[in-house]
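Notes follow once the structure below has been shown.
The values are calculated or read from the model by the stated rules, or taken from the named source; none is laboratory data. Model, not experiment: these values are computed from the prediction. Every residue, glycine among them, receives a Cβ derived from its backbone with ideal geometry; neighbour counts consider all protein chains shown. To get the accessible areas, we keep the full protein, side chains included, count just its heavy atoms, and leave off ligands, DNA and RNA. Shrake-Rupley method; radii C 1.70, N 1.55, O 1.52, S 1.80 Å.
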Amino acid sequence: MLQLTSITKSYNSKPLLDNISFTVAEGETVCLLGASGSGKSTLLRIIAGLESPDSGLISFGGVDLASTPPHLRDFGLVFQDYALFPHLNVNDNVAFGLKMRRMRQDEISQRVASSLELVNLKGFEQRSVNDLSGGEQQRVALARALAIRPRLLMFDEPLGALDRTLREGLLNGLRSILQKTKVPAIYVTHDQEEAFAIADRVMILHNGNIIRAGTPADVWANPQSAYVAEFLGLGNVIEGEVKGKIKSGEWKVESSVGEFVVMCKHKHSKGEKVHLLARPIAEQNNRWSSSSARAERTLSEGEVEDEASRDVSRPEGRIQNTVQSIVADVIFQQDKYKVTLDNGLYVYLKDAPKIGKKISVRVKIECLG
Ligand code: ADP
Ligand code: MG
């Protein structure tokens, strides 16, 4: 369907987009995720034809769009600020693009009605858009984009101006509309939760490049870089230094919060700096209850006992890394507690430990390379 090949764009000789290539398949929703200023809106504007790339190719259905002006691309755009016409009522806002296309009045009425029905705004035709809530205004904007029966829908942070509960409701509505209409879509956001909820595929834009792309589950399981893990908030990203190889695929890595045994497929060398990911889902280590001699050894505040042990009690013989520290803060989060430790790590635990207590938790350490 949509294909971008080697798109580059610089502003004031500062490269913003550097050789971007990707495709969007029929019926697919692709989320473009990136920090503010990473060039997401610029990329959408280039696809829409509102901005031209310095180099590169954009095609749709195999046809090069270089000479197709924006209004003939049949792409629908939905922005954060709705961009509705304040002097027009709901009906005329939705009908606008159809009138521009000089469509017959009876067809316009029929399209407006079906678009408003899709976004659940039947009966709002004569309302002034100024009297609508933010969520309703955004649904009008979506109906306007849908009315032209776009070949592609593009969303630029469409829920950014709305509060959390409203966002969730709209996102669900949008997902079902995209499934129903099967219109391919590019959804731009800086919010990873939003992206993961709606995307068939996510792409992470950083330093002008798509540094990671995949299904939400794949990217979540294998962020592959410290930047992606940190940006997506997957857990604690820890800097470490490779101390040596234990055996094939198993390395000893030292960090400020302890020494870990790390399993990974990378080829490391001694002294190499690596990034580790400690996901917050941890287990409290009951082996070291207060009766254990090890736990009775008093650790001073902030001190962490370096520990890496192979838990032979587990049938799969997985490596269990352990972190010991003092509980600095505990926040209730529905079915778990977010526990921040004195060494800076945070973990989720089922039961709330006491602040100031020394605890030992087992964490799964992944190597980010
Ligand atoms: P995002 O949508 O990811 O926040 P943008 O695409 O809006 O990022 O902008 C990325 C950068 O490009 C910004 O730092 C902005 O200053 C710059 N930029 C965007 N458009 C222009 C322009 N027309 N002229 C100069 N600089 C621009
Ligand atoms: Mg933007």
Any chance residue 48 is over 18 Å from the mean Cα position of the chain (by Cα), within 16 Å of ligand 1 (Cβ to nearest atom) and under 16 Å from residue 1 (Cα atoms): yes
Tally, over the range 120-135, of residues that are on the phi > 0 side of the Ramachandran plot and either in contact (Cβ under 8 Å) with a residue 12 or more places away in the chain or part of a strand (DSSP E or B) (or both): 1
Just checking, does the range 154-170 include any residue being at pLDDT below 95, more than 16 Å from ligand 1 (Cβ to nearest atom), closer than 26 Å to residue 1 by Cβ and over 12 Å from the mean Cα position of the chain (by Cα)? yes
Select, from 155, 231, the only residue that is closer than 25 Å to residue 60 by Cβ, within 16 Å of ligand 2 (Cβ to nearest atom) and aromatic (Phe, Trp, Tyr). 155
Every residue from the range 63-95 that is over 29 Å from the mean Cα position of the chain (by Cα) and either within 16 Å of ligand 1 (Cβ to nearest atom) or within 16 Å of residue 3 (Cα to Cα) (or both): 63, 64, 66, 67, 68
Would you check if residue 98 is within 28 Å of residue 140 (Cα to Cα), more than 16 Å from ligand 1 (Cβ to nearest atom) and touching a Gly at 6+ places or on another chain (Cβ under 9 Å)? no
Given the conditions (1) of a type outside the set (Phe, Trp, Tyr); (2) in contact with a helix residue (DSSP H, G or I) (Cβ under 6 Å, 6 or more places away or on another chain); (3) not in a strand (DSSP E or B), which single one is not true for residue 202? (3)
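Do the conditions hold for residue 135, that is, is it open to solvent by 10 Å² or more (accessible area, probe 1.4 Å) and either within 23 Å of residue 232 (Cβ to Cβ) or more than 16 Å from ligand 1 (Cβ to nearest atom) (or both)?
Numbers: open to solvent by 10 Å² or more (accessible area, probe 1.4 Å): no; either within 23 Å of residue 232 (Cβ to Cβ) or more than 16 Å from ligand 1 (Cβ to nearest atom) (or both): yes.
Judged against the criteria, residue 135 is not a match.
In the range 311-335, which residues are among the β-branched types (Val, Ile, Thr), modelled with pLDDT under 95 and open to solvent by less than 40 Å² (accessible area, probe 1.4 Å)?
Answer for the range 311-335, where residues must be among the β-branched types (Val, Ile, Thr), modelled with pLDDT under 95 and open to solvent by less than 40 Å² (accessible area, probe 1.4 Å): 319, 322, 323.
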Scanning the range 185-226 for residues that are more than 16 Å from ligand 2 (Cβ to nearest atom) and small (Gly, Ala, Ser) gives 185, 197, 199, 213, 214, 217, 221, 225, 226
For the range 158-184, which residues satisfy the criterion of being more than 16 Å from ligand 2 (Cβ to nearest atom), assigned to a loop (DSSP other than H, G, I, E, B) and in contact with a strand residue (DSSP E or B) (Cβ under 6 Å, 6 or more places away or on another chain)? 183, 184
Only residues that are open to solvent by less than 40 Å² (accessible area, probe 1.4 Å), among the hydrophobic types (A, V, I, L, M, F, W, C) and either within 23 Å of residue 172 (Cβ to Cβ) or outside the structural domain of residue 170 (by TED's automatic domain parsing) (or both): list them for the range 82-123, please. 84, 90, 94, 116, 119, 121
In the range 11-47, how many residues are aliphatic (A, V, I, L, M), within 25 Å of residue 175 (Cα to Cα), more than 13 Å from ligand 2 (Cβ to nearest atom) and open to solvent by less than 10 Å² (accessible area, probe 1.4 Å)? 3
All positions within the range 51-62 that are closer than 20 Å to residue 183 by Cα and either within 16 Å of ligand 1 (Cβ to nearest atom) or in contact with a Leu (Cβ under 8 Å, 6 or more places away or on another chain) (or both): 58, 59, 60
Which of the following residues is in contact (Cβ under 8 Å) with a residue 60 or more places away in the chain, over 24 Å from residue 43 (Cβ atoms) and of a type in the set (Gly, Ala, Ser): 258, 249? 258
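Please determine whether any residue of the range 139-151 is within 16 Å of ligand 1 (Cβ to nearest atom), surrounded by 15 or more Cβ atoms within 10 Å (Cβ to Cβ), assigned to a loop (DSSP other than H, G, I, E, B) and touching a residue at least 60 places away in the same chain (Cβ under 8 Å). Spell out the reasoning first.
Quick first cut of the range 139-151, residues within 16 Å of ligand 1 (Cβ to nearest atom) only: none.
No - not one qualifying residue is present in the range 139-151.
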Consider residue 172 against the criteria (1) farther than 30 Å from residue 343 by Cα; (2) touching a residue at least 12 places away in the same chain (Cβ under 8 Å); (3) open to solvent by 40 Å² or more (accessible area, probe 1.4 Å): it satisfies all of them except one. Which criterion is unmet? (2)
